[in-house]
Amino acid sequence: MTDAIGYERIGDIAVLAAQNPPVNALGYDVRVGLVQGIERAEADAGVRAVLIYGEGATYFAGADIREFGKPPREPFLPDVCNRIESSPLIVVSAMHGTALGGGLEIALSSHYRVAVPKARMGLPEVNLGLIPGATGTQRLPRLTGVEAAIDLVTSGRQIGAKEALDLGVIDKIAEGDPREIGLAYVRELLDSGAPRRAVSELPAPAPIDFDAAYEATLKKGRGQLSPAYGVRAVQAACERPFAEGVAEERRLFTELMGTKQRQGMIHAFFAERAVGKLPELDGVTPREVKSVGVIGGGTMGAGIATAALGAGLSVVLLEMSAEAAEAARKRIEGNLSGALKRGSLGQDAFDAMMTRALTLATDYEALSDVDLVIEAVFEQMDVKKQVFTRLDAVCKPGAVLATNTSYLDIDEIAAVTKRPQDVIGLHFFSPAHIMKLLEVVVADKTAPEVVATGFALGKRLGKISVRAGVCDGFIGNRILKTYRTAAEHMVLDGASPFQIDKALTDFGFAMGPYAVSDLAGLDIGWMTRKRLAPTRHPRERVPTYADKLCEAGHYGQKTGRGYYIYEAGRRAGIPNPEVMELIEAERAELGLASRDFSDDEIVRRYMAAMVNEGAKVLEEGIARRPLDIDMVFLSGYGFPRYHGGPMKWADMQGLDKVLEDIRTFAREDDYFWQPAPLLERLVEEGRTFDDMNREAAS
Ligand code: 3H9
């Protein structure tokens, strides 16, 4: 027997205990162990039932994802599931922690299922670009019916024990440790003479209109294939005998396993876990943070305060006047009321946050005792410097002083204090209580424990924190500026903003860049263009048509008109014809000939600009690893997860192809399209960004 599954005999019960920390993933040893355990129990005279449970934190949390993409080794998981179910003994699974994917499939192959009240379960394979591939799509609908099964398979969402019981996924909830509740349940079943009960032998569920469900799912997934494949797999459960349904599930699963989407999503899964692991923080203890000061109660400050309150921190919010403080309080209340209405926040907790945990202030002295301050005031260097001078004077020693600036030089801000080691950038994205991304911007003198504190705070707030270095725009906004410029060049040369948006939403972005500008407010770009105008290189091509929109008072969604026109009651805008007139006038003025762009060329130019700037950001050490850039774009810029992030996307295209594109584009404009030396080196050496990720981890 392998060590991964322990075998123990307790009276007439054989107990199989999974011992594969940290999450009891169903790797090769575990699969072998389960089959051997069942065989041994069947051969063990007097054994009448088998209990399966997980030691440590959880029941099986799924197949071992690290094995994907390698040649599969027998026994395959679907065969293990079928072997368990076909046992003449009564097999019971006792679940705790998270029974996910292949884990839930093992449970569904058991004859009875019991779970602790806090257990969570689900089929999250779609989040890895896959579908359940070990009979889950065939067994689950036989228990829950088709609609619930499609919901669980296509959303990948986790459900709690109570919902699982209501849906018929489990048979019982019991308080205790899994071994204890499992043994008690097996005893109860044996004593009552309960029969062996195989889910595969239950009648096939009633069908629905699967073509409609498939189309709707495909549309909702914005080009992601796996959820739509999940619909087809559940369809097979209705229309075919069990064994054939399993074969169809396997076919669909195997097809998805061969896709780039699967590679991209699994990259995202591991990148999400690697992003917070920094060698520089090994053994560094973060400072304790119980109270947070927030300076500025606009959309950003109120969002940050909301996030901090939601994480159980006490917050002192500083504003310029009592009226402004009151407006900030209202914003926070508005932010929290959504959670209150949805029921994810109770009235008592809401009241406690708004009264005991939140203090409004207009005097810096109120910040004298907080553990960490984040300023979210106007983006102007002299304003920031004033704030930090005040903070340096009032904050207690050891307090972390953070700026939420989006692009200003944090070294320069830190230099006005006598404690630059305590100064850091914590760059949130708006709305800060919702957006996942936090750039932790490390300045020259920032102390490692202050960096660790930034990461610890990010974790507490439920953010994905990415380490960034200081430069104009850090990782995200710097790269954004470059690919946004590539889009503007295409507009000057003949593409319309609407075609560009469409090409990029077809690529999988939630919104195109022009719709995003309308949402963020066109005045932001306008201000940036004005700020950068004096230092602009003569060869930079910067269109002015958008300035004209702003001059006419059209700032996007907030004024009802920008690139798009927003009619009351309709979320999506319709293209603003005035925009094309302005663009055509500008092209005529500059004497530019318009040409056609295919959607494919639009995507290639946009992505090449993103990847090239990403490579420069890496080379300068602003981002430490390619995966850091991927996480910034996946969690803060609506980059489609199934492409894995821009750097993973580039790897999957082939870096040589991306470089070739850049060199081709450079023939028209060798000022903008300067290949990143790092990209050239990687191509020369036949290496990838993923190789860099691996080297950084070793
Ligand atoms: C599947 O089952 C397919 C089948 O239908 C068909 C097959 C034929 N494998 O997240 P954490 C690692 S697909 C390998 O930080 P938490 C993880 O990388 C699978 N490794 O902990 C990390 O390693 P490290 C369906 C895994 O407590 C460590 O474990 N299942 C796996 O915050 C701790 O993880 C899923 O998609 C795995 N399956 O969350 C579940 N899972 O320390 C995926 C985790 O080196 N897993 N690791 O960085 C999760 O959602 C979370 O890990 C879980 C625990 C909720 C379980």
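The values are calculated or read from the model by the stated rules, or taken from the named source; none is laboratory data. This structure is a prediction, so every number in the text was calculated from the model and none was measured. Every residue, glycine as well, gets a Cβ built from its backbone with ideal geometry; the counts of neighbours run over all protein chains shown.
Which count do you get for residues in segment 189-215 that are surrounded by 15 or more Cβ atoms within 10 Å (Cβ to Cβ) and of a type outside the set (Lys, Arg)? Counting residues in segment 189-215 that are surrounded by 15 or more Cβ atoms within 10 Å (Cβ to Cβ) and of a type outside the set (Lys, Arg) gives 12. For segment 644-653, the criterion of a residue being outside the structural domain of Leu128 (by TED's automatic domain parsing), crowded, with 21+ Cβ neighbours inside 10 Å and over 20 Å from Glu619 (Cα atoms) is satisfied by at least one position.
Exactly one residue among Phe474, Phe429, Phe455 is at positive phi and not β-branched (Val, Ile, Thr), and that residue is Phe474.
So which residues in segment 72-110 are surrounded by fewer than 22 Cβ atoms within 10 Å (Cβ to Cβ), within 13 Å of the ligand (Cβ to nearest atom) and assigned to a loop (DSSP other than H, G, I, E, B), if there are any at all? Within segment 72-110, Pro72, Arg73, Glu74, Pro75, Phe76 qualify. Looking across Ala486, Ala510, Ala503, Ala520, one residue alone is within 30 Å of Phe428 (Cβ to Cβ), touching a Phe, Trp or Tyr at 6+ places or on another chain (Cβ under 6 Å) and of a type outside the set (Lys, Arg). It is Ala486. Looking only at residues in segment 24-35 that are surrounded by 21 or more Cβ atoms within 10 Å (Cβ to Cβ) and within 15 Å of the ligand (Cβ to nearest atom), the one that is nearest to Leu89 (Cα to Cα) is Leu34.
Set side by side, the residues Gly11, Gly54 differ, and just one is within 15 Å of the ligand (Cβ to nearest atom) and assigned by TED's automatic domain parsing to the domain that holds His111, which is Gly54. Quick one: is Gly69 more than 10 Å from the ligand (Cβ to nearest atom), at pLDDT below 95 and closer than 28 Å to Phe269 by Cβ? Yes; evaluated as a whole, the condition is true for this residue. Filtering segment 129-169 to residues that are near the ligand (Cβ under 10 Å from one of its atoms), surrounded by fewer than 24 Cβ atoms within 10 Å (Cβ to Cβ) and outside any loop (DSSP other than H, G, I, E, B) leaves only Gln158. Being touching a residue at least 24 places away in the same chain (Cβ under 8 Å) and assigned by TED's automatic domain parsing to the domain that holds Ile413 is a property that Ala352 lacks.
Of the residues examined, Tyr637 is not one that is surrounded by fewer than 15 Cβ atoms within 10 Å (Cβ to Cβ) and either at negative phi or of a type outside the set (Lys, Arg) (or both). How many residues does segment 188-232 contain that are among the small types (Gly, Ala, Ser), in a loop (DSSP other than H, G, I, E, B) and in contact with a Phe, Trp or Tyr (Cβ under 9 Å, 6 or more places away or on another chain)? Total satisfying the criteria: 4.
If only residues of segment 236-293 that are surrounded by fewer than 15 Cβ atoms within 10 Å (Cβ to Cβ) and among the hydroxyl-bearing types (Ser, Thr, Tyr) are counted, the one that is nearest to Val441 (Cα to Cα) is Thr285. Among the residues of segment 12-37, just one is under 18 Å from Leu104 (Cβ atoms), of a type in the set (Val, Ile, Thr) and not in a loop (DSSP other than H, G, I, E, B), namely Val30. Count of segment 14-23 residues, restricted to those that are within 15 Å of the ligand (Cβ to nearest atom) and either within 19 Å of Glu85 (Cα to Cα) or at pLDDT below 95 (or both), is 1.
Scanning segment 111-128 for residues that are more than 9 Å from the ligand (Cβ to nearest atom) and under 20 Å from Val246 (Cβ atoms) returns His111, Arg113, Val126. Of everything in segment 112-127, what is crowded, with 24+ Cβ neighbours inside 10 Å and under 21 Å from Lys260 (Cα atoms)? Give them in sequence order. Leu123, Glu125, Val126, listed by residue number.
Within segment 294-304, not a single residue is among the polar types (S, T, N, Q), within 27 Å of the chain's Cα centre (by Cα), closer than 26 Å to Ala468 by Cβ and at pLDDT 95 or above. Annotation for segment 629-649: no member residue is hydrophobic (A, V, I, L, M, F, W, C) and over 22 Å from Arg222 (Cβ atoms). A single entry from Pro543, Pro626, Pro538 fulfils the requirement of being over 31 Å from the mean Cα position of the chain (by Cα) and surrounded by 14 or more Cβ atoms within 10 Å (Cβ to Cβ): Pro543. Quick one: would you say Tyr606 is at pLDDT 95 or above, buried (at least 21 other Cβ atoms within 10 Å of the Cβ) and either of a type in the set (Ser, Thr, Tyr) or in a loop (DSSP other than H, G, I, E, B) (or both)? Here the answer is yes, as Tyr606 does meet what is asked.
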